[in-house]
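Down below is the structure, laid out as structure tokens.
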Amino acid sequence: MEFSNLAFRRDGDVGILSLNRPTKRNALNAATIEELIDFFTVLPRSNVRAIVLRGEGDHFSAGLDLVEHHKEDRRPEEFMHLCLRWHEAFNKMEYSGIPVIAALTGAVVGGGLELASAAHIRVADSKTYFALPEGQRGLFTGGGATIRVADLVGKARMIDMMLTGRIYKGREAVEVGLCQYLVEGSSEDKAMELARAAAENPPLSNFAICSAISHMQNMSALDASYAEAVVAGIVNTQPASRERLEAFANKSAARVRPK
Ligand code: 1HE
């Protein structure tokens, strides 16, 4: 696949997808969103077992390409359709069934946070900061923050972030739920470690973990419990799980113990 705004490489079973506009702080222009759609359309039918999503340069992403938006002078329906493309990209990612681990650094703001929040795991380093500066820019979120960021941090914190421009970083960002890991060294190294570990799981288990849970969040508790039983019926009887259960029964499988 040829990209102008993304870059892709493989490291064994893990794919490394980079936002590749470092001179523009990986601002998300319309073309980048189309490339993300193309990538996440093909991904589930590839043999890549996990993805590390990163930004080239010092910042993960500065969000919506404000200069393009300014130049395009879009009409309401044009921006609505653009947002629908963002949703297409981020939904494909969240529901792909392939684990996506976001390796964050620098700015994770506005649409950049919307993208990061569609990943399955977020890893921050000491330079990472999170913000929703839409209020200050005279804008509103359009890439799913009202769903995913509110889900991560809760409605009250999201409203505060948008109204006041509040920035979260460090331990506080972990505590409010914006990221699950905070590392002193490289977020990419940690993300690779997590991706390699996830890639060891049977693909069908990862498919369920990285699509069924999101689908079930959209259902009533009654429908979700039914869907969970159906998914478990398929996943928990797969040949790969039988082999792993056999290994547990004959005491050759690792035990679950803290290090
Ligand atoms: C950009 C963008 C952008 C940088 N769109 N071009 N997002 C924001 O409000 C964040 C806007 N960006 C910033 O606050 C800063 O750029 C950063 C703090 C992220 C980085 O600062 P710095 O000093 O390293 O870089 P810079 O000098 O501000 O920018 C370097 C270049 O990147 C410059 O381009 P150049 O051609 O003049 O060199 C900037 O124009 C460009 N650049 N950020 C376009 N965002 C679906 S709705 C979602 C709504 C939102 O996402 S709102 C949040 C928008």
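Values quoted throughout were computed directly from the atomic coordinates according to the rules given, and no laboratory measurement underlies them. Since we're looking at a predicted model, the values are computed, not measured. Note: ideal-geometry Cβ built from the backbone for every residue, glycine included; neighbour counts use all protein chains shown.
Here the spin labels are modelled as points 7 Å beyond Cα on the Cα-Cβ line, and at Asn250 and Arg85 they lie 5.4 nm apart.
Compared with the direct C-alpha span, the chain from Arg75 to Gln136 gains 19.9 nm at full extension, assuming 0.36 nm per residue. Gyration tensor over the Cα atoms of the range 203-249: the corresponding equivalent ellipsoid has semi-axes (square roots of 5 times the eigenvalues, largest first) of 24, 11, 7 Å.
At 4 °C and 1.567 mPa s, grab the translational diffusion coefficient of the range 6-199 from Stokes-Einstein with a Kirkwood Rh over Cα pairs, rounded to a whole number in µm² per second.
Details: Rh = 16.5 Å.
Approximately 79 µm²/s, per Stokes-Einstein.
Computed 3J(HN,Hα) for the range 96-109, one whole-Hz value per residue from the Karplus formula 6.51 cos²θ - 1.76 cosθ + 1.60 where θ = phi - 60°, is 5, x, 10, x, 10, 10, 8, 9, 9, 7, x, 6, 10, 10, glycine and proline marked x.
A DSSP coil position with no more than 16 other Cβ atoms inside 10 Å describes the following trypsin sites (Lys or Arg not before Pro) in the range 16-118: Arg74. Estimate the FRET efficiency between Lys259 and Arg10 by the formula 1/(1 + (r/R0)^6), using the beta-carbon distance for r and 30 Å for R0, to the nearest 0.05. Rounded to the nearest 0.05, the efficiency is 0.55.
Under unit Cβ charges (Lys, Arg +1; Asp, Glu -1), what dipole magnitude, rounded to 20 debye, does the range 6-199 have relative to its Cα centre?
Details: 24 positive and 26 negative charges, 33 e Å.
Magnitude of the dipole: close to 160 debye.
Given labels modelled 7 Å from the Cα in the Cβ direction, how far is it in nm from Ala31 to Gln180? Output for this residue pair reads 3.4 nm. Amide H contacts of Leu182 (H built 1.01 Å from N, in plane; Pro and chain starts excluded): Ala124 sit under 5 Å, all sequence-distant by 5 or more or on other chains.
Structure note, pairs Lys71/Lys155; Lys92/Lys127; Lys24/Lys92; Lys71/Lys92; Lys169/Lys259: Cα-Cα distances above 30 angstrom occur for Lys71/Lys155.
The slack between Ile213 and Ser126, meaning 0.36 nm per residue of separation minus the straight C-alpha distance, is 28.4 nm.
Take each peptide in 234-240, 131-137, 98-104, count the other Cβ atoms within 10 Å of every residue, and average; sorted highest first, the result is 98-104, 131-137, 234-240.
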